[in-house]
Each structure stands twice: as structure tokens, then as C-alpha cells.
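**Q** Sharing a structure with you now.
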Amino acid sequence: MIPAFGLILAAAAYRIVTGLAIHSGTTWLSNFAPFSAIALCGAIYFPTKYKFTVPLTALFVSDVVLNTHYGAPLFDPLIICRYCALALIGWIGLVVARQRSLKTLLPASLAGSILFYIITNAFSWLSDPGYTKNFAGLIQALSVGLSQYSATPTWMFFRNSVLSDLIFTGLFVLCMKLGRSSQRSRAISTVPHTA
């Protein structure tokens, strides 16, 4: 578990550093933060008491740092929507937990990214007065967003989110396999040999 916890801490630290370093208008790293994958993998691999607490705490700590830096409120409806979306992705992790393989986790990670994107952007469309409340406004929320928030179109946020989630899911599975392999090696080496 230690490599997995370390990977989550590294992802949260990465989100903080890039969130502080990236200025609106830079597109190649915007939203390259794998929090959907953290929610998914945490729910699949962690012990019961950590399944949701570790991923959501990592997000909360990074939100505190970034929102304080940018003077944004810590609790607003969009942030609550984001946490609910991540909890739903964690639930998907619980559903697929019995089939722990890259064949199930990578599609689940992709589904989590899509779900998060649709939920949060649809919520923005519904709650932000800058969007017209018709199909064209929804398409705007899902494709380009509002120019006053960022020069980065929302589809680029989505692309980066998918890439980071897939990469993180692969790394997380690798960490778990390496951790289990080293545990087995230690267990075998501590078994007394009889002649």
C-alpha cells in the first residue's frame, strides 16, 4: 500500500505545483491531474476505511492550497458537484473491484473521465449564467467553455484528464503488482527450509 499512497501524494503535489505554475492560456498541462483515477483505484485497492477518505482528502488538500492561492471559495456548488462525481467514480471502482486487471481498469478509468467531464460541465452549464440554457449552451460547456474563465477550451481539459487518468491507472496497477510481488518474495524468503 505504501507505493500506492505515495503515488496519490505525488499526484496531489503535482496538481498543486501545476495549478500554481500554470497560467490561464497554457493548454498542454491544463487539468492534467488524475483525480478520477485516484478515486477509481482507491476504491478498488485500498482497505475499506481508506477507499474514499484518501482520494477525497488528497483532492481536498490540493483544493485548499489552490483555492486559497487564487482567492476562490472552498465550498461552492461546483466543488461539491466535483466531489459527488468523484464519489460516483469511486462507486464504479467498487463495482469492478472483483476483476482487477488492466482490461477492466483502463475502460473503467476512461468511463470515469467521461462521467466526471459530463457531470461537471453539465453542472457548469446549468449553474453559470454565462451559458444559454439550451442545447447550444450545453455544447458550448462541453466543447469550448466560457472565454472569461480560461483561454483553454474544455475539450482540452477533457483530453488532458483522460490522458492523466489512464497513465495514473496504469502506474497505480503497476505499483500494486510490484508491492504484492515484493510481499510474496519476502514471505517466501522467511519460510524456513527443511532438508
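**Q** Conditions first: (1) in contact (Cβ under 8 Å) with a residue 60 or more places away in the chain; (2) closer than 23 Å to LEU178 by Cβ. ARG98 passes all but one, so which condition is the exception?
**A** (1)
**Q** Follow-up question, since we're still on this one. Would you check if ALA136 is at pLDDT below 90 and out of contact with any Gly (no Cβ under 6 Å at 6 or more places or on another chain)? Working first, answer last.
**A** Details: at pLDDT below 90: no; out of contact with any Gly (no Cβ under 6 Å at 6 or more places or on another chain): yes.
No.
**Q** Also: Quick check, is ILE80 without any contact (Cβ under 8 Å) to a residue 60 or more places away in the chain and in contact with a Ser or Thr (Cβ under 8 Å, 6 or more places away or on another chain)? Spell out how you get there, then give the answer.
**A** Numbers: without any contact (Cβ under 8 Å) to a residue 60 or more places away in the chain: yes; in contact with a Ser or Thr (Cβ under 8 Å, 6 or more places away or on another chain): no.
Considered against the rule, which asks whether it is without any contact (Cβ under 8 Å) to a residue 60 or more places away in the chain and in contact with a Ser or Thr (Cβ under 8 Å, 6 or more places away or on another chain), ILE80 comes out as no.
**Q** How many residues, within segment 62-118, are open to solvent by less than 70 Å² (accessible area, probe 1.4 Å), part of a helix (DSSP H, G or I) and not aliphatic (A, V, I, L, M)?
**A** 14
**Q** Let me ask you something else. Of the residues in segment 159-183, how many are in contact (Cβ under 8 Å) with a residue 60 or more places away in the chain and either closer than 13 Å to ALA111 by Cα or open to solvent by less than 60 Å² (accessible area, probe 1.4 Å) (or both)? Steps first, please.
**A** Looking only at segment 159-183, we keep the residues that are in contact (Cβ under 8 Å) with a residue 60 or more places away in the chain, and these are 160-161, 163-173, 175-176, 178-179.
Checking the rest, the ones that are also either closer than 13 Å to ALA111 by Cα or open to solvent by less than 60 Å² (accessible area, probe 1.4 Å) (or both) come to 160-161, 163-166, 168-170, 172-173, 175-176, 179.
So the answer is 14.
The values are calculated or read from the model by the stated rules, or taken from the named source; none is laboratory data. Everything numeric here is computed off the predicted structure, so don't read it as measured data. Don't worry about glycine lacking a Cβ; one is built from the backbone with ideal geometry, like all the others, and counts go over all protein chains shown. Accessible surface is based on the protein model in full, side chains and every heavy atom, while ligands, DNA and RNA are left aside. Shrake-Rupley method; radii C 1.70, N 1.55, O 1.52, S 1.80 Å.
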